[in-house]
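Okay, structure first, notes after.
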Amino acid sequence: MEIPAGKVWIGWEDGLPGEGPRHPVMVDWFLIARTPVTNAEYARFVEATHVARPPFWDNPRFSTPEQPVVGVNWVEAAAYCEWLTVTTGESHRIPTEAEWEKAARGGRDGCRYPWGNDKPEAVFAGVTLPLPGPPEVGWGPPNGHGLTDLSGSCHEWCMDWYEEGYYLASPTLNPHGPLAGTRRVSRGGAWRHQVPWSPVAHRSSIPPKLRYSDYSFRVVRLD
């Protein structure tokens, strides 16, 4: 999906200390996948490169072709993007944190969720919690840019190193996070949590070599 260049307000004042202050940044044009990478898409990478299959690959809770691939760490997600770049001749990578939030907001700056301010209980009426695993992609209403699975499915890796106070001195043009760190940013609510629907400004992070059953990623294309 095409995300036009322009200003977006990221962060908020109602969350954890590292999620504020709310501030404007300018982000260049980019393309982003409508959904996270699926098992079917990741299987082509595994077949072509003979990399190890991720954990949970054969577990029926996580193995249907149209579920997001899970158990992929940050290093493996970056390797998938590099393979996709070589295969297609077009530049692919994981989104930056600012790109993810701009895309996730769908033009609705200031709203709590990707779909707006409606409570998740109303948007996902009839959904029984806790979820047994990640839903197949396309779950939930698309946002203003046509993206789905941004809250309630899986945490999604971002390019940036995490720093709690980064927003206090973030560049205003195409921020890419601090130069170094020990944890990589992730975004989006995840099925494994008791309340899976995270606000769009919520930030999370883990070390880049860890793998979890509620971590996935989506891809950005730059040309």
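The values are calculated or read from the model by the stated rules, or taken from the named source; none is laboratory data. Keep in mind it's a predicted model, so treat the numbers as computed, not measured. Cβ coordinates were reconstructed from backbone atoms using ideal geometry, including for glycine residues, and neighbour counts include every protein chain displayed. Heavy atoms of the whole protein, side chains included, go into the accessibility calculation; ligands, DNA and RNA do not. Shrake-Rupley method; radii C 1.70, N 1.55, O 1.52, S 1.80 Å.
Quick notes
Results for (1) within 23 Å of residue 179 (Cα to Cα); (2) basic (Lys, Arg); (3) under 14 Å from the mean Cα position of the chain (by Cα); (4) surrounded by 22 or more Cβ atoms within 10 Å (Cβ to Cβ), shown as yes or no for each residue.
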{"residue": "82", "(1), (2), (3), (4)": "yes, no, no, no"}
{"residue": "89", "(1), (2), (3), (4)": "no, no, no, no"}
{"residue": "92", "(1), (2), (3), (4)": "yes, no, no, no"}
{"residue": "113", "(1), (2), (3), (4)": "no, no, yes, yes"}
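- Search result, residues across the stretch 121-146 that are in contact (Cβ under 8 Å) with a residue 60 or more places away in the chain, among the hydrophobic types (A, V, I, L, M, F, W, C) and touching a strand residue (DSSP E or B) at 6+ places or on another chain (Cβ under 7 Å): 137
- Test: residue 180 is part of a loop (DSSP other than H, G, I, E, B) and touching a strand residue (DSSP E or B) at 6+ places or on another chain (Cβ under 8 Å): yes
- Note on the stretch 171-197: among residues that are hydroxyl-bearing (Ser, Thr, Tyr) and open to solvent by 20 Å² or more (accessible area, probe 1.4 Å), the one that is nearest to residue 3 (Cα to Cα) is 172.
Here is a yes/no grid of residues against (1) touching a helix residue (DSSP H, G or I) at 6+ places or on another chain (Cβ under 9 Å); (2) among the charged types (D, E, K, R):
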| site | (1), (2) |
| --- | --- |
| 45 | yes, no |
| 57 | yes, no |
| 68 | yes, no |
| 74 | no, no |
| 105 | no, yes |
| 109 | no, yes |
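Yes/no matrix, rows are residues, columns are (1) crowded, with 23+ Cβ neighbours inside 10 Å; (2) assigned to a helix (DSSP H, G or I):
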| residue | (1), (2) |
| --- | --- |
| 100 | yes, yes |
| 103 | yes, yes |
| 108 | no, no |
| 125 | no, no |
| 144 | no, no |
| 148 | no, no |
| 157 | yes, no |
| 160 | yes, no |
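- Taking each residue of the stretch 6-32 that is free of Cβ contacts under 8 Å to residues at least 12 places away in the same chain and looking for partners that are assigned to a loop (DSSP other than H, G, I, E, B) and open to solvent by less than 20 Å² (accessible area, probe 1.4 Å) with beta-carbon atoms closer than 6 Å, six or more apart or interchain, yields 13/20.
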